[in-house]
Amino acid sequence: MIKKLICLTAFAATFLSLSLHAEELKKGTIKAFLVKGDDVKLVLKSGQEVPLKRGDVFKDGTSVKTGEKSTAVVILSNGSSVRIGPESEVVFNKVEQAAFDPSKGSYLTLTEDPSQSRTDLKLKNGSIAGETKHLTLASEYVVGTPIGSAGIRGTTFGAKVSSAVVDGVVVYTVTFSKGEGTVTFEAGPAGEGTSGELADGQEITIEGTINEETGTIDIESVSSPEPISPEIMSDLQDLENTQQDISEPESNPVADDGNTGGEEGGDTGGEEGGDPSGESGEAGGEGDAGGTENSGDSPDSNSNNTQGGPNVTPNPGEVISPTGG
């Protein structure tokens, strides 16, 4: 009887797992919601760096780099947003999402993950502050760093990475913070390091090194949870104010190494589809980013590049889908 119960339980767990992952995930999109300063770059898969402008739409496999006095706010197709602080580099390893009904809302009006999504970011250096909508049970959101990672279930969080050379060795200091919601952390390699969960208003600091020859992570210390720093609180407040104070920019598809789609086609699709791949756009080109016409390596963007510039209102009926807006 016990063996049967164990087998049934295992079968149920396997069935649930398969059901949760049954939705087909396609490439979602990332939109530059705000760019402040004149030193914000988008790094394409080829390694080419191009200026990132407000309204630019791009996909995973790319990075965003900011200079000393520059910041950016990007919004993902699942409604989550990330503020990238000065002198930071964020790699968007994976931004995927299942198709969904576009009537669920726009970048600014979504209150929950509209469909199963998978987000994998890596903060190489600098700081980020983020907000996620209520994720579906099967959705994933991970923030990686050189020596640790955080799992985000919502709703506000922060991360910071700095490094210094000590006796010829690079020592990393990583901080994970949680405003509210659910944030778990792990120091060291996934599945092998010290892990835990932060309470609201707490942060944890990890210090460690990486062996240059073997790539082995050596964790030197993990602090006890402490109150969230004023710096991260300020970044989270700035992110919230940004979302409230400015309107959604028009979409400017950015070339994925120089290839963009037509007005309704391409991998990120047109403005009306809820399909992240843009397959609903039958009249589009063959490029990687649809939404509006564009070509070449340089992103097409609005002239407004600062928060103090004029607001840009969405196109009539503009909807979020993983389509680039």
- Message: Can you pull out every residue in the stretch 181-196 that is exposed (fewer than 14 other Cβ atoms within 10 Å of the Cβ) and under 21 Å from the mean Cα position of the chain (by Cα)?
- Response: Ala190
- Item | Cross-chain or 6+ apart pairs with Cβ under 9 Å, the stretch 27-41 first and within 12 Å of Val64 (Cβ to Cβ), then among the acidic types (Asp, Glu) and open to solvent by 10 Å² or more (accessible area, probe 1.4 Å) | Asp39/Glu68; Lys41/Glu49
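Can you tell me which residues in the stretch 145-159 are open to solvent by 10 Å² or more (accessible area, probe 1.4 Å) and over 12 Å from Lys178 (Cα atoms)? Steps first, please.
Narrowing the stretch 145-159 to residues open to solvent by 10 Å² or more (accessible area, probe 1.4 Å): 145-146, 149, 151, 153, 155-156.
Those that are open to solvent by 10 Å² or more (accessible area, probe 1.4 Å) and over 12 Å from Lys178 (Cα atoms): Thr145, Pro146, Ser149.
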- Query: If the Cβ limit is 7 Å and pairs must be 6+ apart or interchain, which residue in the stretch 56-73 that is farther than 11 Å from Ile30 by Cα pairs with which residue that is among the hydroxyl-bearing types (Ser, Thr, Tyr) and crowded, with 20+ Cβ neighbours inside 10 Å?
  - Reply: Thr66/Ser88; Ala72/Thr66
- Query: So which of Glu203, Glu231, Glu226, Glu220 ends up being open to solvent by 30 Å² or more (accessible area, probe 1.4 Å), closer than 17 Å to Thr173 by Cα and within 24 Å of the chain's Cα centre (by Cα)?
  - Reply: Glu231
- Message: Out of the residues in the stretch 164-180 meeting the condition of being open to solvent by less than 70 Å² (accessible area, probe 1.4 Å), out of contact with any Gly (no Cβ under 7 Å at 6 or more places or on another chain) and more than 24 Å from Leu135 (Cβ to Cβ), tell me which one is modelled with the lowest pLDDT.
- Response: Gly168
- Task: Report yes if some residue within the stretch 223-231 is of a type outside the set (Phe, Trp, Tyr) and either in contact with a Pro (Cβ under 6 Å, 6 or more places away or on another chain) or over 28 Å from Val73 (Cα atoms) (or both); otherwise report no.
- Result: yes
- Message: Checking the structure you have, find out if any residue of the stretch 124-141 is open to solvent by less than 10 Å² (accessible area, probe 1.4 Å) and free of Cβ contacts under 8 Å to residues at least 40 places away in the same chain.
- Response: no
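The values are calculated or read from the model by the stated rules, or taken from the named source; none is laboratory data. Since we're looking at a predicted model, the values are computed, not measured. Here the Cβ is made from the backbone with ideal geometry for all residues, glycine too, and neighbour counts use every protein chain on show. The accessibility values were calculated without ligands, DNA or RNA, using every heavy atom of the protein model including side chains. Shrake-Rupley method; radii C 1.70, N 1.55, O 1.52, S 1.80 Å.
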